[in-house]
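Please treat every number below as a calculation from the coordinates, not as lab data. The structure presented is a predicted model; accordingly, all values stated were derived computationally and were not measured. As a convention, Cβ positions derive from the backbone with ideal geometry for all residues, glycine included, and neighbour counts pool all protein chains shown.
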């Protein structure tokens, strides 16, 4: 509510509390942007038309999810991982006609949508301590873990057990596919999430980055067999109706990372710094004002928006945070490929 929706609706990728200009890599705090104003204007209109849930600012997360699981919700703006339990609950009770399907909604001025941005390992991964007795050996181990044969083992599993090689192509039986969907099986087998923190191939639909040298997909979900077995009947009907192969086809293709994501920038700042603290203060202000502006009479919108922005402008360190976020983002770009 504080920043995610206006950033995505404007077509920008997930850069945390900032919107990063994709040309200049200049970072702006979302709450201060015109995009946030347009978003709040829309929210205010929806509230006054009676379309917005009257409990939107009061309900707890479990109450929100319970409403979705009831099948009484027409639409939400959220990431699938946040509501997947509710969607699964609808499937289990056979309310497929009440389930939700994601679309890349953006405002009219958005030139492109970046919903399927790259996943860059920044806040999690492997570190080598200063007390390591053999750092070069540790790097050799990590380098070996990044080799294709290890990546195939980590992602696809054991040849002959989890997949079969037929004319150079990885294939799976229905049972093997179902095993790959079973978290208990994959954990027992030692694949997938066990290796998430290690260096690994980027799992996108960009063939330059997402295929092994032998032409097989790094990400099994890109295999046509995956969609046929993984998708439910109602999802397959959607694919047929829209003449697409996967639900991802609604969205623009994933793309290679060009800079470290904005959500990781703040973690590099001292937690007692004015810049770091300023974001906490800005988010608290946003929580208050977004509710106030949304529920206000339409005629009060402009005045309330100006008051909201004045309060944000007065937050010590917020302007400095934008400057530092811009510097760190631009600095990080040199470590990424074109």
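Spin-label model, residue 97 to residue 142: label points 7 Å out along the Cα-to-beta-carbon direction sit 5.4 nm apart. A Förster radius of 41 Å combined with the Cβ-Cβ distance from residue 334 to residue 105 puts the calculated FRET efficiency at roughly 0.75.
If you take the Cα centroid of region 26-60 and the Cα centroid of region 231-294, the two points sit 15 Å apart. For the options 276, 255, 51, a Gaussian network treatment of the chain with springs between C-alpha atoms closer than 10 Å singles out 51 as fluctuating the most. The C-alpha atoms of the chain define a longest principal axis, and helix 301-313 lies at about 70 degrees to it. Entry note, the chain: the mean residue ellipticity at 222 nm calculated from DSSP H runs of n ≥ 4, each adding -39500 (n - 2.57), is -13500 deg cm²/dmol after division by the residues and rounding to the nearest 500.
In this calculation the C-beta distance from residue 128 to residue 234 is compared with R0 = 41 Å, giving a FRET efficiency of 0.30. Taking all C-alpha pairs of region 183-338, those more than 22 Å from each other amount to 66 percent. Relative to the longest principal axis of the Cα atoms of the chain, the long axis of helix 34-49 lies at roughly 80 degrees. For the chain, the longest principal axis of the Cα atoms and the long axis of helix 135-145 meet at an angle of about 80 degrees. Which shape class, rounded, prolate or oblate, goes with region 135-234 when its Cα gyration tensor gives a ≥ b ≥ c as root eigenvalues, a/c under 1.5 marks rounded, and past that a/b bigger than b/c marks prolate? It comes out prolate by the Cα gyration axes.
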